[in-house]
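What follows draws every value from the coordinates through simple rules; no lab data is involved. Treat the numbers as computed from the prediction; the structure is a model and nothing was measured. Every residue, glycine as well, gets a Cβ built from its backbone with ideal geometry; the counts of neighbours run over all protein chains shown.
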Amino acid sequence: MEPSLIVAYHEGWTELTLNRPDRLNAFNEDLHRQLAAALDRTADDACRAVLLTGAGRGFCAGQDLGDRVQSDAPPDLGATIEAFYNPLVRRIRALRKPVVCAVNGVAAGAGANLALACDIVLAARSAKFIQAFSKIGLVPDSGGTFFLPRLIGDARARALAFLAEPLGAEKAEAWGLIWKAVDDASLMDEARALTTHLARQPTQGLALTKAALNASAGNTLDAQLDFERDAQREAGRTPDYREGVRAFMEKRQPTFTGRPA
Ligand code: T3D
């Protein structure tokens with residue numbers, strides 16, 4: 001049987017491919033468990049960046065609704081959010097390395113918000129983002145109500161959430177929802193080149209930058225200034241900072257190891 005997640009190890013980075021293409025990579029429990037375990041393995045220092053994408057013509061269609069055909073009692077969706085979707089978003093945000101998402105096709109429901117939880121999102125020009133929840137009476141989850149207004153503003157967030165209209169990749173880029181829309185044919189080359197580049201950068205510094213940006217959403221300016229001070233103190237102790245300064249002074253390219261202080 002095909003694995004629901006394909007894991008490919010490269011030098012310094014890991015590529016994770018959601019692999020249920022006949023269901024547009026919708027999540028069942030097996031895929032959740034596989035992805036959680038794979039993300040936990042990327043915490044290893046040897047992995048300095050992660051690339052997430054989908055197999056086939058879709059990125060991810062959110063929850064597999066085939067598993068939600070109701071019998072008599074309604075399901076407790078709060079329990080599955082608590083068990084699977086919330087931990088997934090938390091894992092990605094807490095990972096001390098950049099997570100790139102290559103949205104290769106439609107990203108709907110929790111699939112769209114999974115992409116938004118990643119650090120840098122590239123999307124194929126033909127890809128679409130759909131807050132599909134309202135069509136089945138649900139609420140945007142997996143951080144949708146957090147990420148959308150912060151990325152694109154309240155007016156657009158409300159319309160996308162209430163109307164579930166598809167948002168094309170180019171408009172998503174223009175609105176600031178994602179980093180970049182790229183030609184379909186070059187998506188994976190660009191995404192892999194970007195992830196390879198990130199895997200050679202000062203990993204500890206990027207981890208601290210990620211933590212600072214994560215924290216800024218809930219902080220006052222004062223608290224954020226304190227956070228930056230502490231993060232900078234930690235970054236200043238890393239071998240990569242020393243190497244970066246030396247390389248600059250010696251007018252050569254730095255070689256970063258990603259090692260902690
Ligand atoms: O339940 C909980 O635990 C709570 C958490 C919820 C999180 C959520 O994500 S809720 C939202 C769930 N997702 C959706 O509502 C999206 C459903 N899918 C669609 O609306 C459409 O499929 C798309 C707009 C994403 C793509 O449309 P299109 O026309 O390109 O493809 P299609 O023909 O609809 O889908 C292709 C196949 O994938 C099809 O199967 P078939 O007919 O070829 O055998 C379709 O049934 C299947 N598929 C697509 N999405 C899902 C799915 N099967 C199960 N679950 C899906 N979510």
Worksheet item: Quick one: of the DSSP bridges fully inside the chain, what percent are antiparallel, nearest 5?
Response: 25
Worksheet item: Mind checking Rg over Rh on region 1-155, alpha carbons, Kirkwood formula for Rh?
Response: 0.95
Discussion item. I need the Debye-formula profile for region 82-123: one equal scatterer per C-alpha, no solvent, reported as log10 I(q)/I(0) at q = 0.15 1/Å, two decimals.
Written reply: -0.34
Fill in: Ratio Rg/Rh, restricted to region 203-249 and using Cα atoms, in which Rh is the Kirkwood radius
1.07
Practice prompt. Would you calculate a helix-derived [θ] at 222 nm for the chain, using -39,500 (n - 2.57) for each DSSP H run of n ≥ 4 and dividing by the full residue count, to the nearest 500?
Written response: -13000 deg cm²/dmol
Worksheet, complete the sentence: Of 106, 245, 139, the most mobile residue in a GNM of the chain (C-alpha springs, cutoff 10 Å) is 245
Worksheet item: Normalised by the number of residues in region 5-199, what is the relative contact order in percent for Cα pairs under 8 Å and 6+ residues apart?
Response: 21
Practice prompt. Would you list which lysines come within 21 Å of residue 97, measuring only between C-alpha atoms, while excluding same-chain residues fewer than 8 positions from it?
Written response: 180, 210
Worksheet item: For the chain, which DSSP H helices look membrane-span-like by this rule: Cα extent along the axis of 30 Å or more and mean Kyte-Doolittle of at least 1.6?
Response: none
Worksheet item: Considering every Cα-Cα pair within region 1-60, what fraction, in whole percent, is farther apart than 16 Å?
Response: 40
Discussion item. Only Cα pairs within less than 10 Å get springs; with that Gaussian network setup on the chain, which residue of 117, 235, 199 has the largest fluctuation?
Written reply: 235
Worksheet item: Relative contact order for region 29-106: what is it in percent, counting Cα pairs under 8 Å that are at least 6 residues apart?
Response: 57
Discussion item. Based on alpha-carbon atoms only, what is the radius of gyration of the chain relative to the globular estimate 2.2 N^0.38 Å?
Written reply: 1.04
Discussion item. Only Cα pairs within less than 10 Å get springs; with that Gaussian network setup on the chain, which residue of 191, 46, 55 has the largest fluctuation?
Written reply: 46
Fill in: Residues of region 96-116 with amide N under 11 Å of the 7 Å Cα→Cβ point at residue 184
105-106
